[in-house]
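Student: Below is one structure. I have some questions about it.
What follows is calculated from the coordinates using simple rules that are stated; it is not laboratory data. Predicted model, so just to flag it, every value in this text is computed and none were measured. For neighbour counting, all protein chains shown are included, and Cβ atoms are generated from backbone atoms with ideal geometry for every residue, glycine included.
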Amino acid sequence: MGIRFCTHGNIVLIVIEEADEVIELKRKKKQNLEKSLKKKTKAATEIQAWWRGTLVRRTLLHAALRAWIIQRWWRQTLVNLLQKKRREALVTYANTVRAVVKIQSLVRMWRIHWRYCQVLNAIRIIQCHWECQNCYTCALLRGHCVVTATHLQFHIEIINP
């Protein structure tokens, strides 16, 4: 609704709006502002959620990488310890075998030396008895020695010329 007045050649237009229309327009503006505020808030919330998710994924990635590095280091440490134990076991075994072989060698040497001494004593006894008989010109002694892994054999032959 509007009223027009004409004075001194000027046109004045006065428009009177109804209060209901003004209230309705204010309410629509308020609703539009609320809708745009909701849209902006929703967009900001989505951006914040995306950024927080990115930060969380980045943090999880760094944590996973650190865990992988620690696991790799621990596995390498275990491998090194296992190799060290194997090396020590091998050295211990080699030293034990070396000691056993040395003891076996010494025992075999002692047994052969003992048999050799027995044969040598027997030869001395035979020579002593031979000298007592005074038969140097009657016969000659010829000896032959055979060494085996378990025995020392000595053969003496009396040869008459």
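Student: Can you pull the one-decimal nm distance between simple spin-label points at Lys40 and Cys117, each 7 Å off the Cα toward Cβ?
Tutor: 11.5
Student: Which value in nm describes the separation of the simple spin-label points at Thr96 and Arg75, placed 7 Å from the Cα toward the beta carbon?
Tutor: About 3.2 nm separates the two model spin labels.
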